[in-house]
Structures are given as structure tokens and as C-alpha cells.
Amino acid sequence: MLYPGWTLVVKFGGTSVRDDFRDAVSFVSRLSDENEVIVVVSALKGVTDALIDLASGKGNLAEIVSFHIDFIRRHNLPLEPFRGVFEELKDVLGRRDEFPSEEAFRDQVLSFGEWISGIAFTEALKREGISVELFEPWEIIATTGDFGNARVNIVETSRRVFPLKRALREGKIAVVPGFVGGFKGYRTTLGRNGSDYTATVLGKALDAKAVLIMREVDGIYTADPGRVPSARLIPFLSYDKLYLAAKAGMRAIHPGAVDVAKGTPLIFGRTRDWNVGTVVGYESSSLPIIAHRVVGDTAEITVIGTTEVPGFETETGSERGIPWARLRVPTARLGSTLNRIHWLIVERNTPRPRTLSLLSAPMGEGCLTAFRGDVDEGAGSRNGGQLWARI
Ligand SMILES: Nc1ncnc2c1ncn2[C@@H]1O[C@H](COP(=O)(O)OP(=O)(O)O)[C@@H](O)[C@H]1O
Ligand SMILES: N[C@@H](CC(=O)OP(=O)(O)O)C(=O)O
């Protein structure tokens, strides 16, 4: 499958582990027939948030345990390998004072989400009769001591991957829980969506032929496909454009993951049906990407790959040779009841303009007030509390 004999890192996001576990396991099982495979798993979707609450004293351990037990039962996995882990988590919660900081304690608690997923994946592969070994990420991924947002030390991590190489040589699949690293005996985390970062770091350290990022959507789109039904799939995308989009707030990948990946093909696919949609390398299609984020009380919409957004006063710039245009909206100053802006992007200079993408960004209250003066009314339409502007 793919190219026989390749070393592949395959990462499954939290939604895939929680909702498409069987497809994920069978995909890995199939890949491993002819390839060396390293599997990186995220915590089940929602678990990291629940653990953050738990660490801050608000959460409920029993709920987290029963959520996992339900998952374990639904997939007919043996309960035994998990029991000690739930006990260990309870024990950590009682030892808060032994950690050098609140952040170090929180990272220790968060590490259990990915660790439990790692055990689940390992047990599921064993049940298929596949030879597999689970690795402790805090022993492999060497990081800085910035708890909550640690950076990986690639040189040190490359020294630590020998046990993984040994396992691969022995014909085993290596399972490495994502998002978690280690610093001076403490567990660290790599920032939200950090499992992508684990995957590309391992791709580099093991000189993998490709890193596959498997999720609930089949690739990278011109805008968030969860919000924008007309967003278009981008088949070929460059590392630099993906990096700029991630930095501008696109939720699809951890920005730190992209730079590490340079030189290794990054392939985005959907776990369900094993559908691959985007290959990231040095070349890019000309489609723009729209990303948005809220920074303090300002909402930012960035269009990457364009020099202007006609009809709007934008800040423009260029990074890594790629132009971008950015619109900032001070959400606090706005006062109407509108809470979304829909932004229609059409291809211009063509006889019949085609819709490329539509951004629907929640902007806090009052977008209409902010944009009324700037909008080309002839090009857009307002209905049902939505405002469209053509760019
Ligand atoms: N431009 C984009 N292209 C693809 N996905 C995007 C984009 N922007 C945001 N996303 C979101 O990223 C999410 C990634 O899928 P998901 O399986 O939830 O990832 P993970 O489980 O790794 O967090 C999707 O829900 C998708 O809506
Ligand atoms: N579980 C972590 C790390 C991660 O990468 O998750 P996901 O792959 O679901 O984005 C988080 O929620 O941030």
C-alpha cells in the first residue's frame, strides 16, 4: 500500500480516535502489511478540555473515567491495561504540591488523555494479531521547559528514537501518544493541536518518507469546511502557505508542525473511508486560504495568497514570498446584533465569476456596523442576519 517499504508516520486527531476508531485501526493494519508504521494518536476529542478543567479543580474525574470505559467497552478492548492508569491519574491529582508550578502539574494531568488513547490503539492492534509496541512520549520527545507550550529539541529527540527504530526493524508498529514531551523528568505539552507537531518531529527524526495527518475532513480547504460549505479542497499546498495560514489562525494544523515537516511530504486525509485530499510540499495551487482568529478584543481575518481585498481597508504584507491581506475588527466597539460575517470570495477577471470560498466567521456582536460603510452592496447580499461582500 502506498509505496512498499516506506517508513510512514500516521497521526490520528481526537475526532478520528473518538468517532472513527475502527477505520483508523484498519487503516494502520493495512498500511503495516508493507510499510514501517509509526502511529501518533491524540486524546479522544473533548478529553483534553475535560482534563484542563480537572487540573484547575473544576472537573470531574469519575466522568472522565466513565467516558473512557464506555469507549473501551464499545470497542471490546480489555479493561485491564487501563486500570492502573486511572489510578495513577487519581494519584497525581492528590500530589499537586509536588510539582514545580501549576503549569507543570497541569501538563502531567493532560498527558493522560493521549496516554490512554495510545493504550487503546495498541490494544486494538494487538487484537488484530499485529505486533505493536507503545512508547512513553516523555521519554522520546525532548522539549524545552515551557509547560503548556513546549518546543521540541529535535537533535536530542533524534538521539532518543533508537528504541522506535529497533521496534520497526523487529517488524512492530510503534505507537507514540502525541502532544506530550518530557523536560527534566516532568511531562510537558506542545500547545493545542500539538499531536501534529509530534508527528512531524518523528517524521524528521526517523527520516520517514511521509507524514499522514488523518482527520475528520479529507484535506486542507480554502476556508474552514466546518463553517464554510462552499470551501474548496486544495490538492497541492506549499509548506510556507500552510504555515502562514496556521499562524493566522487556521485550526487545521499546529504552526510549529509545519516548519519541522519541510522536506517530508505531509499528506492530509480523512480517516473515514481513508480518503486523501491534500499533499503539502514545495509547490502550491494558487487558491487563497482564509483564516481567522480573535486576539483579545480584535477579530482578524487573513486572506493568504492575495494582495488586496477590494472594498475593504486591509493591512497587507508578504512573508516567505507569499502576499496576504488582513482585516481587523475591534469587536468591543461594535454594537449591532449581527454576530457573523459571511465573506464570499469570487475569482475575478473571468467571464463568469466562480465562488472560491465563503468565510463565515463568528466575530462577536456588531459586524454589520463595522462593515456597512465598506461593503459593495451590489456585489453582496444581506439576508437573515448575514452580510456578504465580494472580494
Ligand atoms: N482551512 C481548513 N481546511 C481544513 N480543515 C480546517 C480548516 N480550517 C479549520 N479546519 C478544521 O480543522 C478540523 C480538523 O479536523 P479534526 O479531525 O477535528 O482534527 P483533529 O481531530 O486533529 O483536531 C476540522 O474540523 C475542520 O473544520
Ligand atoms: N489533545 C490535544 C492535542 C491534539 O493535537 O489534539 P487534536 O489532534 O484533536 O487537535 C488537544 O486537544 O489540543
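Screening residue 57 with (1) over 25 Å from residue 206 (Cβ atoms); (2) assigned to a helix (DSSP H, G or I); (3) at pLDDT below 95 gives one miss only, at (2). All conditions but one from (1) under 26 Å from residue 190 (Cβ atoms); (2) exposed (fewer than 15 other Cβ atoms within 10 Å of the Cβ); (3) not aliphatic (A, V, I, L, M) apply to residue 105; the one that does not is (2).
Among helices (runs of 4 or more DSSP H) lying entirely in region 72-185, which contain 2 or more residues that are touching a Lys or Arg at 6+ places or on another chain (Cβ under 7 Å)? I'd like the intermediate steps shown before the answer.
Values: elements: 80-93, 102-127, 137-140, 154-160, 162-169.
Hits in region 72-185: 102-127, 137-140.
Confirm whether residue 46 is out of contact with any Asp or Glu (no Cβ under 8 Å at 6 or more places or on another chain), within 16 Å of ligand 1 (Cβ to nearest atom) and of a type in the set (Gly, Ala, Ser). I'd like the intermediate steps shown before the answer.
On the way: out of contact with any Asp or Glu (no Cβ under 8 Å at 6 or more places or on another chain): yes; within 16 Å of ligand 1 (Cβ to nearest atom): yes; of a type in the set (Gly, Ala, Ser): yes.
So residue 46 passes the test.
Check 259, 273 and return the single one that is at positive phi and more than 8 Å from ligand 1 (Cβ to nearest atom).
None of the other options fit; the residue is 273.
Of all residues in region 178-221, those satisfying the criterion of being more than 16 Å from ligand 2 (Cβ to nearest atom) and either open to solvent by 30 Å² or more (accessible area, probe 1.4 Å) or under 16 Å from the mean Cα position of the chain (by Cα) (or both) are 183, 184, 185, 186, 204, 207, 209, 221.
With 223, 205, 210 as the choices, which residue is touching a residue at least 12 places away in the same chain (Cβ under 8 Å), away from ligand 1 (no atom under 14 Å from the Cβ), outside the structural domain of residue 319 (by TED's automatic domain parsing) and in contact with a strand residue (DSSP E or B) (Cβ under 8 Å, 6 or more places away or on another chain)? Outline the logic, then answer.
Working: 223 fails: away from ligand 1 (no atom under 14 Å from the Cβ); 205 fails: in contact with a strand residue (DSSP E or B) (Cβ under 8 Å, 6 or more places away or on another chain).
The conditions single out 210.
In region 34-51, what residues are assigned to a helix (DSSP H, G or I) and in contact with a Gly (Cβ under 8 Å, 6 or more places away or on another chain)? If the condition is that a residue be assigned to a helix (DSSP H, G or I) and in contact with a Gly (Cβ under 8 Å, 6 or more places away or on another chain), then 47, 48, 50, 51 are the ones that fit.
Among the residues of region 191-238, those that are of a type in the set (Val, Ile, Thr) and assigned to a loop (DSSP other than H, G, I, E, B) comprise 217, 220, 222, 228, 234.
Quick one: is residue 19 touching a residue at least 60 places away in the same chain (Cβ under 8 Å), within 16 Å of ligand 1 (Cβ to nearest atom) and open to solvent by 40 Å² or more (accessible area, probe 1.4 Å)?
Judged against the criteria, residue 19 is a match.
For region 149-157, state whether one or more residues are open to solvent by 20 Å² or more (accessible area, probe 1.4 Å), at pLDDT below 95 and closer than 20 Å to residue 262 by Cα. No, there is no match, as no residue in region 149-157 is open to solvent by 20 Å² or more (accessible area, probe 1.4 Å), at pLDDT below 95 and closer than 20 Å to residue 262 by Cα.
The values are calculated or read from the model by the stated rules, or taken from the named source; none is laboratory data. Predicted, not measured: the structure shown is a model, and the values here were computed from it. Please note: Cβ atoms are built from the backbone with ideal geometry, for glycine as well, and neighbour counts cover all protein chains shown. Heavy atoms of the whole protein, side chains included, go into the accessibility calculation; ligands, DNA and RNA do not. Shrake-Rupley method; radii C 1.70, N 1.55, O 1.52, S 1.80 Å.
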